[in-house]
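To start, the structure itself, in structure tokens.
Only the coordinates and a few stated rules stand behind these numbers; no lab work does. Since we're looking at a predicted model, the values are computed, not measured. A quick note on method: Cβ atoms are made from the backbone with ideal geometry, for glycine too, and the neighbour counts reach across all protein chains shown.
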Amino acid sequence: MNRTSSIILAICFCVLRMQSSDGAPPTPGYNQTIPPEIMTPETVETRIGTLKFFDGLPDDATVKTVYDNLDFARGMEAFLQFVPAASLEALREGSIELGSRRPNQVVIMNQLLDSNPLFLTGNTDTVYAMSFLDLKRDGPTVVEIPPGCGPGTVNDAFFRFVTDMGAPGPDRGKGGKYLIVPEGYQGDLPEGYFTSTSPSSVNWLILRGMLQDGKPDAASKNFREGLKVYPLSQKDNPPRMEFIEGSKIPFNTIHANNDKFFEEINNVIQREPVDFIDPELRGLLASIGIQKDKPFAPDARMQQILSEAVVVGNATARSLSFKPRSETVYLYDDSTWYTAFDGGDYRWLIEDGKGGRNLDARTFFFYVATVNTPAMVKEMIGVGSQYALNALDQEDAYLDGSKNYKLKIPKDVPAKDFWSIVVYDPQTRSELQTEQPFPSKNNKRDTLASNPDGSVDIYFGPKPPAGKESNWIQTVPGKGWFLCLRLYGPLKPWFDKSWRPGEIEKL
């Protein structure tokens, strides 16, 4: 090979080195072609503004913008993820407002839950009895429930299921002693109790007593004479039970929808064991300044960001609750009726966890409802209860308190015990406050006029239609409303959908 040939080969070799395997020229500033998808342009237009970079290095304005956005996103996500904890904390604070500070001090709705208390989609059809346990303060705690008790549940401080009581519980309505112990408890566990472990210190006990002959008297008496709640350490001399009236009394159990929300969550984090929630959730809170054993003291910048994060988080929760976009939440095709338990799992797990947790479904449920139990989603024929929500008329428009509507309940409602309709205020998600103390109709408590075919029409509006007063639920002009259909002791036609309610017709 002569000298000229050697030079030509060397030049060709250099050219080949400067090209990628597909023959593309090298990227300017590099020896090789760099895949464009890993590069960042000098300027990028985004929903948070124009982001600028020098060779992939963000400029000062971009750094400030993205950190503000990161804190905002974390704050909004913290709101959405911690609605369950904030809701239970608000229930605890509301009980304290009434004077219930110890587990033996039970708030009872002797005259049912009317519209005075602010209570997330509470029912007007059962006698509520509720108390809070504090396992850190009191240690293992006993709940003795009497025979004939309706559905009861214990939920932890993140509104997770601990145990059922009454008909859906292990006592099967025969009554019994339940023992709730803190996680990691090393003491002896006595025999003769239905024992459950809770990861949190605070736990909510909620019991429901069923109406007899449409009246609450028997259920109220059953609680007041048979319910006992006390620390196991005091089993030989339990404290006297105190029953605090909760009917007809205005008090609040709803969490905040402004930056006070984060104070509620901080209270929970400071009180509860550090591992009552997993590291991912703890890390989410820590990123906005909420961490156990540390003060929550956001500066002015962070306060402004968190205030806006709550506004957007609240709007998101309301969209999930009243205009769900999930296809699986709707009960029927071409219908506006939807379930509160999207996916049919009280843990909100998709395909038993294969698809992770349905975060939107969990936020939606706890934004409008309380009590988390598998008894509300399982097909338990003739036991427990089932629910359907509706916030829209047949034209997919929000329900307007200024207008008149009709809802047909077909004959042979598949409810062994009874069915009811309760109307709620979308602002508070509590019972709509009108001249009617109970904004509801119940087929056992109320005398309802039936149609010749056995169906029942329920009317809604600011004034009753002539001759339909017995079937009318009052609404408020200028306010929206939504409703819940409840079936107590649901039967097979509900679950197989061979029976279904009518749609809400605007008149």
Helix-derived mean residue ellipticity, 222 nm - over the chain, DSSP H n ≥ 4, -39500 (n - 2.57), to 500: -7500 deg cm²/dmol
Note: the chain, point scatterers on Cα, Debye, no solvent; log10 I/I(0) at q = 0.07, 0.08, 0.13 Å⁻¹ equals -0.47, -0.58, -1.29
Any idea what the relative contact order of region 322-506 is, in percent, if you count C-alpha pairs under 8 Å spaced at least 6 apart? 28 percent
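Residue separation times 0.36 nm, minus the C-alpha to C-alpha distance between Leu98 and Glu37: what's the value?
Using 0.36 nm per residue and subtracting the Cα-Cα distance, I get 15.9 nm.
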Evaluate E = 1/(1 + (r/R0)^6) for Ala315 and Lys506, where r is the Cβ-Cβ distance and R0 equals 30 Å; express this FRET efficiency to the nearest 0.05. 0.70
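Gain in length, Tyr185 to Glu395, computed as 0.36 nm per residue apart minus the alpha-carbon separation, to one decimal in nm?
Extending this stretch completely gives an extra 70.1 nm.
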Separation of alpha-carbon centers, region 403-423 and region 72-148, rounded to whole Å: 28 Å
Cα long-axis angle, helix 300-322 against the chain (0 to 90 degrees, to the nearest 10): 60 degrees
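Can you tell me what percent of all Cα-Cα pairs in region 105-148 are more than 16 Å apart?
In whole percent, the share of Cα-Cα pairs in region 105-148 beyond 16 Å is 51.
How much of the DSSP beta bridge set in the chain is antiparallel, as a percent to the nearest 5?
85 percent
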Using only the alpha-carbon atoms, what does region 318-378 span along each of its principal axes? Please give whole angstrom values in decreasing order. 28, 23, 20
Under 5 Å, built H, 5+ apart or other chain: amide partners of Asn358: Leu349, Ile350
How big is the gap, in Å, between the Cα center of region 293-340 and the Cα center of region 267-289? 20 Å
Cα axis of helix 359-368 to longest principal axis of the chain: angle in degrees, 0 to 90, nearest 10? 30 degrees
Label-point gap, in nm, between Gln436 and Asp412 - each point 7 angstrom along Cα→Cβ: 2.8 nm
Would you compute the Debye intensity of region 322-506 from its alpha-carbon atoms alone, equal scatterers and no solvent, and pass along log10 I(q)/I(0) at q = 0.08, 0.13 Å⁻¹ to two decimals? -0.25, -0.67
Per-residue HN-Hα couplings for region 58-71 [Karplus 6.51, -1.76, 1.60; θ = phi - 60°; Hz; x = Gly/Pro]: x, 6, 4, 5, 5, 4, 4, 4, 6, 5, 4, 5, 4, 5
When Rg is the radius of gyration of the Cα atoms in region 113-197 and Rh is its Kirkwood radius, what does Rg/Rh come to? 1.00
